[in-house]
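Notes for the one structure printed next.
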Amino acid sequence: MPAIRSALIWGMVASATFLATNTASAATARVGVGSQYSTTHVYVAPNDVDKFAESFLATFGGKSTKQVIATVTPTDSSTTSQLLQTPAGTVSLFGFTSPIPYPFGHERTGYLVTDLDKAVTAAVSDGAEVIVAPFDDPIGRDAVIQWPGGVKMQLYWHKTPPTYEPFATLPENRVYLSKERLAAFVRGFLAFSHGRVVSDETQADGNEIGQPGKPFHRIRIESDFGRLAVMATDGHLPYPYGWEVAGYEVNDLNTTLEKATASGASVVVPPVLAGKRKSAIVGFPGGYIAEIHATQPE
């Protein structure tokens, strides 16, 4: 009887959480545009901009937009700015020639939205806080939000809607959180993104994050903004795990790593197998750390 009563209580709690999440989703605007408009923000020293761009494009293919000098913050600053568009993911690359105003440099991604004001309102309603209020940039408007657990993201809107080709493989936004903030982050982000949980593994293989034999809790989400993996850990992470904010899927991991090292990048963690994924960690010129993986056949 105690076991049955416990199961019933847990079922009611789970149902309540599910209903709360879906109620929040229905109550807030759907503002996502598409995964190909989600970019990883990379900040490197001005002297490393060209070296990073050349290495990243040599590794994944693709092209760069024209490099411009711009003010991309609400206060005075100056940076080079360009998009590196590859079949595996897009990078917004910045090389600041001035001091970087806080909190810029801490936001992991930029998400294109259909309406910035509606997006900010929805994010706040779903549990985020606005740490940089909406401001104008040379081609649109931006804001920076923060989710439970300290996860910072930039939202952006363009005066002229961009048109980008869909990715060949979807990149993965990789978020490391404490166990205490996992539920609040997932609940809020699912509501905001109108996303869905595609996998929820409470005993994921620790080999994936440099902790062999030590399972951890991983949740994978897909939404209009693309893929997101949430890792709840005890924080006892060996370098460089936790520094990689994005994971890139490729068809042939070994060939991709060869391209990376030939273009100036280094393999920080050699390929490891965890579940259905073979992955490695790569360091690019300028210090950007990325996970690269290939899905293993069944």
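The values are calculated or read from the model by the stated rules, or taken from the named source; none is laboratory data. Computed from a predicted model, the values in this text were never measured in an experiment. Neighbour counts run over all protein chains shown; Cβ positions are idealised from the backbone, glycine included. Heavy atoms of the whole protein, side chains included, go into the accessibility calculation; ligands, DNA and RNA do not. Shrake-Rupley method; radii C 1.70, N 1.55, O 1.52, S 1.80 Å.
Among the strands (runs of 3 or more DSSP E) lying completely within the range 86-137, list those that include at least 3 residues that are crowded, with 21+ Cβ neighbours inside 10 Å and out of contact with any His (no Cβ under 6 Å at 6 or more places or on another chain).
Working: elements: 89-96, 109-112, 129-137.
Here the list reads 89-96, 109-112.
Please go through the range 35-47 and give me each residue that is open to solvent by less than 20 Å² (accessible area, probe 1.4 Å) and over 14 Å from the mean Cα position of the chain (by Cα), ordered by number.
V44
Could you check N254 against (1) over 30 Å from R181 (Cβ atoms); (2) open to solvent by less than 60 Å² (accessible area, probe 1.4 Å) and say which number it fails?
Status for N254: all satisfied but (2).
Quick check: is even one residue across the range 215-230 touching a Leu at 6+ places or on another chain (Cβ under 9 Å), farther than 30 Å from T28 by Cα, polar (S, T, N, Q) and crowded, with 17+ Cβ neighbours inside 10 Å? Break it down into steps so the answer makes sense when it comes.
Taking the range 215-230 as the starting set, the residues that turn out to be touching a Leu at 6+ places or on another chain (Cβ under 9 Å) are 217, 219-223, 225-227, 230.
Those still in the list that are farther than 30 Å from T28 by Cα too: none.
The answer is no, given that none of the residues of the range 215-230 is touching a Leu at 6+ places or on another chain (Cβ under 9 Å), farther than 30 Å from T28 by Cα, polar (S, T, N, Q) and crowded, with 17+ Cβ neighbours inside 10 Å.
Cβ-Cβ below 6 Å, separation at least six or inter-chain, first residue in the range 41-65 and closer than 11 Å to G95 by Cα and in a helix (DSSP H, G or I), second open to solvent by less than 50 Å² (accessible area, probe 1.4 Å) and among the aromatic types (F, W, Y): which pairs?
F52/F284
Output the qualifying pairs, or none if there are none: Cβ atoms under 6 angstrom, residues six or more apart or on different chains, first residue in the range 121-138 and more than 17 Å from V31 (Cα to Cα), second residue open to solvent by 50 Å² or more (accessible area, probe 1.4 Å).
Filtered contacts from the range 121-138: F135/P74.
Sort out which residues of the range 48-68 are open to solvent by 30 Å² or more (accessible area, probe 1.4 Å), within 26 Å of A143 (Cβ to Cβ) and not hydroxyl-bearing (S, T, Y), and write them in order of number.
Scanning the range 48-68 gives K66, Q67, V68.
Would you confirm whether or not the range 164-174 contains a residue that is farther than 28 Å from T114 by Cβ and modelled with pLDDT of 95 or more? Before you say what the answer is, go through the steps one by one.
Quick first cut of the range 164-174, residues farther than 28 Å from T114 by Cβ only: none.
Taking every residue of the range 164-174 in turn, none turns out to be farther than 28 Å from T114 by Cβ and modelled with pLDDT of 95 or more.
Which residues, taken from the range 258-298, are β-branched (V, I, T) and either open to solvent by 10 Å² or more (accessible area, probe 1.4 Å) or in contact with a Cys (Cβ under 6 Å, 6 or more places away or on another chain) (or both)?
Keep residues of the range 258-298 that are β-branched (V, I, T), which gives 261, 267-269, 272, 281-282, 289, 292, 295.
Selection gives T261, V267, V268, V269, V272, I289, T295.
Quick one: which residue in D205, D234 is among the charged types (D, E, K, R), farther than 21 Å from G127 by Cβ and surrounded by fewer than 18 Cβ atoms within 10 Å (Cβ to Cβ)? Steps first, answer last, please.
On the way: D205 fails: surrounded by fewer than 18 Cβ atoms within 10 Å (Cβ to Cβ).
Of the residues listed, the single one that is among the charged types (D, E, K, R), farther than 21 Å from G127 by Cβ and surrounded by fewer than 18 Cβ atoms within 10 Å (Cβ to Cβ) is D234.
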